[in-house]
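Derivation of every value follows stated rules applied to the coordinates shown; laboratory data play no part. Being a predicted model, the structure only gives us computed values, none of them experimental. Positions of Cβ are backbone-derived with ideal geometry, glycine not excepted, and every protein chain shown enters the neighbour counts.
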Ligand code: KG4
Ligand code: ZN
């Protein structure tokens, strides 16, 4: 079969990115422009600023990626774009830009879900082999998913309340840590000891998760210590929280591996950038003799490479969109499952 080059576009949050990927797994060139420094001044992503910056930068990011690839838009076979979920104003910039490229260059348009991107980033390491267990840990998702084939999902467990990344971001606020929350909690945790006693959530044989009780325990602990006039030991509290959060992830993943006789595991989503979680997953999979794949760090944070990878199976099955495509701030990805 002829090689397929897909141009991916990602603007769902605060990274403007364009990438060209060959056959869903070979990165040709990628440009990522992060707005992190700008939003850090405000303590979090400011949607209005994010969309304005995407608008200002997207053409330049496209040109840079094409230059690195030594290609023109006319050389690619399709245009793929993240259409959901994310900040509406940010998504809109990418979606409208993709539509223009698709129309002007007469290329098929592919609407790709952001979480599919995080999952298919693993193709950059080695081709997904099915069946596999996907652990999806991000700002909006916490799921254990059985994948029988491309885009065929069965959700084995999900969070009953907050997503894990969300809980890291909230705990970062409680500890007065700057944006971005998750990586800063990890930095503090690396300097602390797990000396605070926090309740272990979902200490049962369910495959579901819960993070809001743990988050509340951290809030209450800080509040109570303050009322007693005690200083909070931030490094230790970050470490205690992180240990309990990841203990839950590892326990549930272990249960799923045992229950479904899993041989291959992949990790996807922004929280997989955690060095600590990567190590814990490596230990678990080694112990259980399971093949593990985690994308390299630079593909764990938001990028268009993963979007062009996830769009490839869509291209193969002819899953194209027309110019009526709309950005959606919320759309549950695993909706075909169970
Ligand atoms: O996958 P992602 O971009 O979110 C969604 O697409 O929903 O991941 C962002 C999430 C944030 O909640 C961030 O705090 C978390 O991933 N995160 C981390 C780390 N790096 C990013 N959480 C814990 N430790 C990290 N090192
Ligand atoms: Zn993401």
Using alpha-carbon coordinates, inclination of helix 164-174 to the longest axis of the chain, degrees: 60
Pairwise FRET efficiency - residue 68 versus residue 288, Cβ, R0 = 41 Å, nearest 0.05: 0.55
C-alpha long axis of helix 181-190 to longest principal axis of the chain, angle in °: 50
Coarse-grained scattering of segment 41-118 at q = 0.15, 0.17, 0.20, 0.27 Å⁻¹, given as base-10 log I(q)/I(0) from a Debye sum over alpha-carbon atoms: -0.59, -0.74, -0.98, -1.34
Relative packing of peptides 84-94, 322-332, 113-123 - highest average C-beta neighbours within 10 Å first: 113-123, 84-94, 322-332
C-alpha center-to-center spacing [segment 126-201, segment 1-63] in angstrom: 23
Label-point separation in nm, residue 279 to residue 105, each point 7 Å along Cα→Cβ: 4.3
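Where does each of 198, 128 land when they are ranked from fewest to most other beta-carbon atoms within 10 angstrom?
Details: 198 18, 128 21.
If I rank by nearby Cβ atoms, fewest first, I get 198, 128.
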Residues in segment 143-184 reached by a label modelled at residue 195 [backbone nitrogen below 18 Å; 7 Å Cα→Cβ]: 175
Anisotropy class of segment 179-229 from Cα gyration tensor, a/c 1.5 cut: oblate
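So if each residue of separation counts as 0.36 nm, and I subtract the Cα-Cα distance between residue 48 and residue 322, what length gain in nm does that give?
Numbers: separation 274, 0.36 × 274 = 98.64 nm, distance 2.70 nm.
Full extension of this stretch gives 95.9 nm more.
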For the chain, alpha-carbon Rg over 2.2 N^0.38 Å: 1.01
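So what's the back-of-envelope 222 nm ellipticity for the chain, counting only DSSP H runs of four-plus at -39500 (n - 2.57) apiece and dividing by all residues, rounded to 500?
Working: 11 runs with 145 residues, N = 338.
Using -39500 (n - 2.57) per qualifying helix, the result is -13500 deg cm²/dmol.
Quick one: 167, 25, fewest Cβ neighbours within 10 Å first, how do they rank? Show your work: numbers first, answer last.
Details: 167 30, 25 17.
So the residues, fewest neighbours to most, are 25, 167.
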Computed over the chain: relative contact order in percent, which uses C-alpha pairs under 8 Å that are six or more apart: 25
Cα-based convex hull volume of segment 43-187 per residue, rounded to whole Å³: 154
DSSP-defined antiparallel bridges as percent of all bridges, segment 52-184, nearest 5: 70
Crossing angle, helix 305-316 versus the chain [Cα axis fit, 0-90 degrees, rounded to tens]: 60
